[in-house]
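No lab work stands behind these numbers, since they all come straight from the coordinates. Model, not experiment: these values are computed from the prediction. Virtual Cβ from ideal backbone geometry, glycine too; neighbours counted across all protein chains shown.
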Amino acid sequence: MGSIRTDLAIEAQEMYKEKNSVEEIPGTEVKEYRDGAMKVTHVKILDNDGELAMGKPKGDYITIDMPIIVHYDNDSKEEVSRVLSRAMKPLIKLDESMTALVVGLGNWNITPDAIGPKVVSQIMITRHLKQLVPDSIDEEIRPVCAIAPGVLGLTGMETGEVIRGIIEKTKPDLVICVDALASRKTERVNRTIQVSNTGISPGAGVGNKRMELSERTLGIPVLAIGVPTVVDAATLANDTIDLVLEDLIKNATEGSEFYKMLKEMESSDKEQLMKEVLDPKVGDLMVTPKDVDMIIDSVSKIIAGGINISLQPSLSLEDINNFIN
């Protein structure tokens, strides 16, 4: 996949197709459909060939493209929450009595990385009520607990260590991890939600990979939900160069030496050039939109809504919001 950073399976798929000039990727299945106003893409990695091609483990990766207006319209937010819950439904296999643990990954002191903790603050927490006042709680309400464990730099503990310790004590049946991701395309930043059943490696998209959180490492199913909130500066510069080259190619004389040079310039060459130019000057820079504070609040509300609907199917979103507020 080169040096381009992305946590999104849909982008890994696009990059493989572009690099190898193919329409289909071995060992994968891709299905696109619309759910209301939203485009949903389901990438399924079936075997070792698919793992090798995509650079990601076998499993399901569901991507939801959110409309531009979503962050400014409450009805749109609720609709995305419902679409998210429908995407999660086939991946959550829980009886009513089973407990779910929601984990908000990330650093609450850094806005683009604060989605996880912000989502946790809006989850309908019921495990303690089911234990302390069971007669007052409807039998259909599922026990849910949540934690925002922070990051290694704040706590001195690996997130994986913290989560394993909690699982040993609370014995949940499912872990739902929420994290900020990295994208290779600016148009997907804060506009895409990815759901997968393959676990997650916190910080992988920004080159700071921590211990993997998956069924293999934790011993119970793990559902990962993420939104890309940053894009690598070199990737952003590379995409800008691509647009400039496209314009130059359109205006260059076909068959000229300049035209041939532009057409033959490899994507990997441009990526390496951007790295060599930018790294000495700005270091390992990640870029996020200027209105990120408002957007992170919006996205966290959307994701929390989707999780709450999925875990409490007997309640309406209005009832859930009344409980939380």
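Side notes on the structure shown:
- Taking packing as the residue-averaged number of other Cβ atoms within 10 angstrom, the listed peptides 68-81, 13-26, 134-147 run from highest to lowest as 68-81, 134-147, 13-26.
- Packing-based ranking, highest mean first, of 56-66, 297-307 given that Cβ atoms within 10 Å are counted: 297-307, 56-66
- Peptides 30-38, 154-162 ordered by average Cβ neighbours within 10 Å, highest first: 154-162, 30-38
- Along region 43-53 the Karplus relation, 6.51 cos²θ - 1.76 cosθ + 1.60 evaluated at θ = phi - 60°, assigns HN-Hα couplings of 9, 10, 8, 9, 8, 5, 4, x, 4, 5, 5 Hz to successive residues, with x for each Gly and Pro.
- Computed [θ] at 222 nm, helices only, for the chain once each DSSP H run of length n ≥ 4 contributes -39500 (n - 2.57): -12500 deg cm²/dmol
- Fraction of beta bridges assigned by DSSP in region 105-238 that are antiparallel (%, nearest 5): 30
- Label selected from [x] 21.1, 81; [y] 20.4, 71; [z] 23.8, 93, the criterion being Rg and Dmax of the Cα atoms in Å as computed here: [x]
- Working from label points 7 Å from Cα in the Cα-to-Cβ sense, the Glu158 to Asp75 distance is 4.9 nm.
- Bridge orientation summary for the chain: considering DSSP beta bridges with both residues in this region, about 60 percent are antiparallel.
- Approximate spin-label separation Met211-Asp47, in nm, with each point projected 7 Å along Cα-to-Cβ: 3.4
- For region 183-197 and region 302-319, distance of Cα centres in Å: 22
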